[in-house]
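J.: Below are the structure tokens for one structure; questions will follow.
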Ligand SMILES: [Zn+2]
């Protein structure tokens, strides 16, 4: 299995679409967050395949994530400290 590397340009959280949990036959659609990520969360313990998963999250999604996932399972890395993002536009 190949892990998807964290996307430093776009938050990788998926949010339910505006219809919420009720899909009415349209399938379970999730919309990818479009915010710029500021943190990377990495699993502290490798999964069964021996790989540690990681993903980028914006501040908003991190707050949601933290409520669902106790800190002890993940390590947080501040993207801005790790590398200076290139100016865009
Ligand atoms: Zn986000």
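J.: I need 64, 74, 41 ordered by Cβ neighbour count within 10 Å, fewest first. Walk me through the numbers on the way to the answer.
T.: Working: 64 14, 74 22, 41 25.
In increasing order of surrounding Cβ atoms, one gets 64, 74, 41.
J.: Calculate, in nm to one decimal, what residue 9 and residue 35 gain on full extension: separation in residues at 0.36 nm each, minus their alpha carbon distance.
T.: Details: separation 26, 0.36 × 26 = 9.36 nm, distance 0.84 nm.
Extra length available between residue 9 and residue 35 comes to 8.5 nm.
The numbers here are math on the coordinates, done by the rules we state, and not lab data. Just so we're clear, the structure is a prediction, and the values are computed from it rather than from any experiment. As a convention, Cβ positions derive from the backbone with ideal geometry for all residues, glycine included, and neighbour counts pool all protein chains shown.
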